[in-house]
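Derivation of every value follows stated rules applied to the coordinates shown; laboratory data play no part. Please read all numbers here as calculations on a predicted model, not as lab measurements. Note that each Cβ is placed from the backbone with ideal geometry, even for glycine, and that neighbours are counted across all protein chains shown.
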Amino acid sequence: REASGLKKSGLGLVVRSVKATIGSLGALYQRRYHRFLRVAEAIVGDPELAHDVVQDAFARAIRGRFGFRGEGDLEAWVWRIVVNTARSAGREEAPPAAALAQSIPTAITNGQARDYELRALVAALPERQRLVLFLRYYAELDYQQIAEAMDVQPGTVGATLHQAHAALRRALEEGVSQ
């Protein structure tokens, strides 16, 4: 942060650290829409619902912009809204595990031959582990941004990501040995 109360966001945009503006939210929407959409789709399991989730999340961010205290990154604040909106919509719609596995983009699977199997394993992870994976690899957020988006400490992000990797590694190794 600079003494003037301005800071650079993860987007390279200069925003006031004390409030979110419609302009800064609009710029964030334009720059990160596809990442927000990928994560929302991974959470809810449906591309059309994911689009609605992102739209609703940004409407909430605009309405609640005066509640942004500037204590963290604006993008992380919006990620929290997107994730919470998607989680709420996902609970209402509750996609079957097969649909959720199919909706997980190949970004997390590196395009390997066992895509579907790995997608199913990711879908079977506990919600917090899935969310950390989605935010890290789909949204390409750093640990601090993920921590702010999930309202946890950065160390919790690292530990959760480690647990998710370990669970996936174990499951894959068990699948190979069978």
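Would you mind getting me the FRET efficiency between E117 and H162? Use the beta-carbon distance for r and R0 = 25 Å, nearest 0.05. Intermediate values should be presented prior to the final figure.
Details: r = 21 Å, r/R0 = 0.85.
After rounding to 0.05, the efficiency reads 0.70.
Could you work out how much longer the chain between R31 and R170 gets when fully extended? Use 0.36 nm per residue separation minus the Cα distance between them, nm to one decimal.
On the way: separation 139, 0.36 × 139 = 50.04 nm, distance 3.64 nm.
Contour length minus the Cα-Cα distance gives 46.4 nm.
What's the magnitude of the charge dipole for region 129-173 around its Cα centre, counting Lys and Arg as +1 and Asp and Glu as -1 at the beta-carbon? Answer in Debye, nearest 20.
Numbers: 4 positive and 5 negative charges, 51 e Å.
Around 240 debye, computed over region 129-173.
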